[in-house]
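Please read the structure below before turning to the comments.
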Amino acid sequence: MNSIQLNIALIAFFFVSFFSVSSVWADNDKHQYADYNWEEDRKRNEIPSYLEDEVSVVFLDKSMIEYFYLAEEENVVLYKTHHIIRWLGTTDAVERYNAIYIPLGEGTLEKLKVRSISPDGKVVISGQDNLKEIKDEESGRGYKMFAIEGIEKGSEIEYFYTTKEPVFGGNQEGREYMQTGTPTRNVSFELISPSFLDFEVKSYNGLPDAELTEDSVSEKRIQRIELDSIPPLFDEPFAYADPNKMRADYKLAYNLGANSRQRFYTWADAAKQIYAIYCQARDKKEEKAIKKIYKEIEIKGKDDEQTRIRKIENYLKTKIRGTESPAANFSSIEEIEETKIANERGLVRLFTMIFELAEVDYELILTSDRSEVKFDADFDYWGNMREFLIYFPNTKKYLSPAVPLYRYGIVPDTWTATNGLFIRRMKVGDNTFGMGTVRKIEPLEGDQNFSTIHLKMKFNEDMDAVEANLKYAFGGLSAVGIQPIIPYLSKEKRTEMIENVLKGLSEDAEFNDIELENEAMNTDLLENEFAIKTNFESKSWIEKAGNKYLFTIGKCIGPQSELYQEKKRKLAVENGHNRIYKRTLIFEVPKGYQVKNLEDLKLNVVFEKDNKKNCGFISNYKQEGNTITVDVFEYYYEIYLPLENFEDYRKVINAAADFNKIVLVLEKS
């Protein structure tokens, strides 16, 4: 979702404040870094031996941001200056960094200087001929792109640019990442504002707090963060790097020149604005259009709340086509009723207003994707309000209004197990408004997201293949990647997709008599498991070794992740969602044969934390005559696990991988 539109009254107040500044500041016609330049005759940076094998190294990353009153325009503008020096250690780095992308939005590029230094010390200063303008058609955002020519492995590139943009909805706050996937030295960030505007800066993930300097001469507040070096941070298995990178978020919090200490852009402000925009009709024409759509859904008086929710969702997600376009007509209920096309804003408005008509108790939620950034309840940074959910207090379930493949009760996993702003309708007298509270968005329990395999097997007469009958079932989030797509596929594509799922168990098998259960559109995947039934023959599961046979039973549970790390783990465990896996493997031992190493099937690797089951892998078997039944249960019941417990988590993951490698030895009895 694009940043929430700001309260017009607050913006107006923000602008008026600038016209009451002291004459000292008003007479200052240059922003802090108007004359900024690079070092003219500098030498190449020396690469320390321990960094020689890096793809790239940043020797300078300097970011300067200033809110400035520009007298000739009688307006407030935002200047951003960014200076980078980067060494390119590989040909991949040359390909990756041979262009500079400068975000502009509604702004202009004021200054750009680019140069490169070759491995032999030759300096090339680039002209402006390679500067091109790019526009993202979906978001409407503008960029400048500058192609750097003539660089090679071992080159050093340097550039800095300054942009100027007006101050209005959205850029009263910002975010600066100081840590990337590249070793970085000489890192600094400055936020400069007039002395009467109080911007709050919050540091995350070990970044030092900003130091405030108040310059009485220029009447400016300068907040600065400086570090000599920052190590790179990469994604690791079962973790996300981006939300753990050092960063600083900042926002305009107070006007110190006003008599009031009223805080700007609070969660309460956001709740009121969002409710007015997303939950209320704009005029009588919209009210008429929403009632017309509501009538088409055919809600009955006897329908309970869950039935009404499902009917509304199924209608809107099958009859209304989504678009990424931000155009206003795609959020107008009147236009949507005619065209049956809506953007994200339009879809959210449809859901909330129809829920109002259907007397469904709901709360609108805005949150962030925790794989990108965590929603901080203690810092009212509006940029974290990016994803929409709807919560139903009576059933304690969620719905994702603008994601077509998800249905009531199941939402994108990384939008849960984090905080969000819950907005509820309030009415006082004749006034209706939104009231917000920040609460946790609860994830689904592990038992609700499952994958099960029931496999009945026997060896053929020639003992060169395993004949198998399979039921492969999925529920909750484990089914979302498969089942919702099926209704949109042709018969050929559907078969291809299902066979690709099955090939994970046996690459060489040909699957016969494939049947699907609960594959229809709008199936409730919390109440109904999606299942694939088939029979097949696999030659890859058995191998003759002298007078013995090797049965690779471990392959029957499908491929497994492994956590055999060479580097030291940096990140705590963060799962996408809680989940379980159940496997029942039944096979007949041929007459005259016995299994030599059945005890290898027994694994019991479990971890408990705070007297609660956290994760585990348990496998066992029982034998009745010639029939052997192997039961496997793997579970992950918590999203988060501290770094100190990573080794316990790793053992469980690797237990599944170890089972995957089990080979049973069949020999004559």
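Observations, loosely collected:
- The range 525-563 - residue that is within 26 Å of D513 (Cα to Cα), in contact (Cβ under 8 Å) with a residue 60 or more places away in the chain and acidic (D, E) and, of those, surrounded by the most Cβ atoms within 10 Å (Cβ to Cβ): E529
- Which numbered condition I486 misses (of (1) in contact with a helix residue (DSSP H, G or I) (Cβ under 7 Å, 6 or more places away or on another chain); (2) surrounded by 12 or more Cβ atoms within 10 Å (Cβ to Cβ); (3) outside any helix (DSSP H, G or I)): (3)
- Candidate set: the range 213-253, residues that are out of contact with any helix residue (DSSP H, G or I) (no Cβ under 8 Å at 6 or more places or on another chain) and small (G, A, S); chosen: the one nearest to F199 (Cα to Cα): A253
- Of the residues E608, E638, the single one that is assigned to a loop (DSSP other than H, G, I, E, B), out of contact with any Ser or Thr (no Cβ under 6 Å at 6 or more places or on another chain) and among the acidic types (D, E) is E638.
- Cβ-Cβ under 7 Å pairs, at least 6 apart or on other chains, the range 642-655 side without any contact (Cβ under 8 Å) to a residue 12 or more places away in the chain and surrounded by fewer than 17 Cβ atoms within 10 Å (Cβ to Cβ), far side outside any helix (DSSP H, G or I) and among the hydrophobic types (A, V, I, L, M, F, W, C): none
- The set of residues from the range 290-341 being on the phi > 0 side of the Ramachandran plot and among the basic types (K, R) comprises just one member, K340.
- Test: residue in the range 126-136 that is over 30 Å from F199 (Cα atoms), surrounded by 13 or more Cβ atoms within 10 Å (Cβ to Cβ), at pLDDT below 90 and of a type in the set (G, A, S): yes
- Of everything in the range 253-268 that is modelled with pLDDT of 95 or more and not small (G, A, S), the residue that is nearest to N575 (Cα to Cα) is W267.
- Residue match in the range 356-365 (condition: of a type outside the set (G, A, S), part of a helix (DSSP H, G or I) and either touching a residue at least 60 places away in the same chain (Cβ under 8 Å) or under 27 Å from K440 (Cβ atoms) (or both)): yes
- Evaluation of G625 against (1) of a type in the set (G, A, S); (2) closer than 24 Å to F474 by Cα; (3) free of Cβ contacts under 8 Å to residues at least 24 places away in the same chain (one fails), failing number: (2)
- Residue check: Y581 meets all listed conditions (1) touching a residue at least 60 places away in the same chain (Cβ under 8 Å); (2) in contact with a Lys or Arg (Cβ under 8 Å, 6 or more places away or on another chain); (3) part of a strand (DSSP E or B); (4) buried (at least 19 other Cβ atoms within 10 Å of the Cβ) but one, namely (2).
- Counting only strands (runs of 3 or more DSSP E) that fall entirely inside the range 387-446 and contain at least 3 residues that are under 15 Å from the mean Cα position of the chain (by Cα) and closer than 26 Å to P326 by Cβ, the qualifying elements are 387-392.
- Condition met for R494 (surrounded by 16 or more Cβ atoms within 10 Å (Cβ to Cβ), closer than 25 Å to R321 by Cβ and of a type in the set (D, E, K, R)): yes
- Sole residue being closer than 17 Å to I47 by Cβ and basic (K, R), chosen from R86, R141: R86
- Subset of the range 447-473 (residues that are over 30 Å from D376 (Cβ atoms) and within 25 Å of the chain's Cα centre (by Cα)): D447, F450, S451
- Residue match in the range 166-181 (condition: of a type in the set (K, R), within 28 Å of E40 (Cβ to Cβ), touching a residue at least 12 places away in the same chain (Cβ under 8 Å) and assigned by TED's automatic domain parsing to the domain that holds V76): no
- Residue match in the range 474-483 (condition: loosely packed, with under 13 Cβ neighbours inside 10 Å and farther than 29 Å from N575 by Cα): no
The values are calculated or read from the model by the stated rules, or taken from the named source; none is laboratory data. Nothing here was measured: the structure is a model prediction, and the numbers come from that model. Positions of Cβ are backbone-derived with ideal geometry, glycine not excepted, and every protein chain shown enters the neighbour counts.
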